[in-house]
Each structure stands twice: as structure tokens, then as C-alpha cells.
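Notes for the one structure printed next.
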Amino acid sequence: QATLLQDQIDPLSNVATNLRAMQSLAATWTIISLYFFDPESSCMPKMLVLCLLVVVLVIAYVNVLIVGLLGELQDSMHEVRQDRWLSAFRLILLVAVLSMPLVGLRDGLGGCLAIEWRRRLTYKLLRAYLDDSKAFYSLTMRASTIDNPDDRIANDLPVVVDGVVNCLVRGVQAALNVAAQSAVVYSVDGPTLAFVYAYYVVVNYLAFRVFGSFLVAYDKTIFAQEARFRFGIIRVRQNAESIAFYGGASFEEARIVDAFIILVRSLYPRLLVLVTMEVVLSGTNVLVETAPYAFLGARYFNLLEGMQTRAITFGEIALASA
């Protein structure tokens, strides 16, 4: 019966997980649409996004340029060409210095976008909270899924906005870097690129599917236990007079300590999952970093023996490994 019950619960759990994911995506899209597609919104959000995208594209190009210069640097060292090495080194320093304000501009534009986004949503939520509908009263007097609206507006809103902006900026930057460097690697050796893609698909699937499911479950449990522990301390502060009068300090201390012990019991399993994930990823990262040398090393040595028609330089191995 226990096995049958578990077989019935597992599909329901998967459905609930997918439903929560869809609800999170829908909520994220609502937050985005309230700022970017609101008729009352100005053209500033779209201009900020456009400028941010241009800067991200330029940074992706600069990253590819640096990788190419590093290959040139290694080629010159391998061929003992001091003048060529010095020229490549100067260019690398110049590009590195020029890329610094670009990174600052990207982060500054992203920060401005987050601040303006928060400003717009805060005004909109405050208007809805304090308008003639008296939402501030109805949410307090009747049961609602929205607890502590003041905390949601003041604390949760900036966390969500900053998280969405950072995720979008870093995600777009990473995608452009991967696309640009993939073209470079493909021009050097196609099988190396195929191996890297296959490796990341498999490893990321395992990381998100295996370790991610455990981490999400532990984080949800720990979040509730942290709230219970925090509530116990707040309860003492809010009822300090009554606790002191009735001599209930030892009872409250025991409750708080019990809540903290339960929390610690959940923190250690989560730590074990994190450590296991880091151990697995560290080993697999070594494998993918050595893969270009394994694939291209054989072709490079075959070239030295006169068995290869396609010339592969020492710097191209550095390009593929980057």
C-alpha cells in the first residue's frame, strides 16, 4: 500500500512542481509587462534595454577579441617571435583597459533599469494599495494569500526586480559569449565544439535535475524553519512585558532553541548536497578543460610529422580551450 501510495504521489508532486514553475514564469511576465508594456509607461524602459543590449554585444565582441589575442600571444611565444609577442601583449593591455568602462556602463545601465523599474512598480502598487478601494483595509480584515503587503512592497519588490534584471543581463551576456566563441571554436575544430556542447547539456541536466530538486526542497523547508525561528525571537520582543510578568522567559527560550535545532538539522543535509555537487562539477570541469588539448593535440602532432594537410597552430589550441 505504501508503494502504491508513493506511485500516486510522485506524479502529483511533478505536476505541482511544474505548476509552480509556470506560476513563477507567469508572475515574472506580469512584473515585466507592468513596466515595459504599460500604456502609462514612457519610452525610457525601452531605451535603457536597447542601450544595455548594445553594450552587451560590444562586450561579447571584446571577449572574442581577447581570446584571439591570447592565441596570438601563445603562437608568438611558441615561435620565439619577440616582436610579435610584444605587439600582441600591448593589444591585450589596450583592450583590457578599454573594456573596463564598458563593464561599468553595462552594470550602471542595469542598475538604472532596476531602479526605474522599482520606482514604476512601487508607485503602481502604492496607488492600488491606498486608493478608494481601501485594499489596505480589506487585506487586513479578511483572509488573503497576500501576507504583510507593506513588506512585499518595501522589501520583496527590490529583490525581485534586481534578480530579474541581473538574470536577464547575465543570461544574455553568457548566451552571446557562447555564440561568439562557438563560432571561433567551430572554425578550429568541429568535434571539440560538439563534445563541449554535449558535455554541458548532460552535466547541466544532471545538476538541475538531480541536485537541483534536492536543493529546492531543502531551501523551501529551511525558509519555513528560518521564519519560525525568527518569529520566536520577534514574539519575545512584542510580548516582553507579559513574558517578564509571568516568568515565561525559560519557556520562550526552550521554544526558540527547539526551532533553531530543527533548522540546523536541515542545514547539514543541504550542505552535503552542495558539497557533493561541487565535487562532481569540479571533476567534470577538469575533463572539459582538457578536452581541447586531447582533440587538437593529436592533430597538432600529426602536423609535425607531415601527416596533416590542415595547419593547426599552437594558438588555435588556446582558442579552442578558451
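The values are calculated or read from the model by the stated rules, or taken from the named source; none is laboratory data. Keep in mind that what you see is a predicted model, and the values were worked out from it rather than measured. Here the Cβ is made from the backbone with ideal geometry for all residues, glycine too, and neighbour counts use every protein chain on show.
Filtered by the rule that a residue be surrounded by 12 or more Cβ atoms within 10 Å (Cβ to Cβ) and among the aromatic types (Phe, Trp, Tyr), segment 232-277 gives a lone residue, Phe260. Filtered by the rule that a residue be modelled with pLDDT under 70, exposed (fewer than 15 other Cβ atoms within 10 Å of the Cβ) and of a type in the set (A, V, I, L, M), segment 121-155 gives Met141, Ala143, Ile146. Taking (1) at pLDDT 75 or above; (2) surrounded by 15 or more Cβ atoms within 10 Å (Cβ to Cβ) in turn, Ile312 satisfies each apart from (1).
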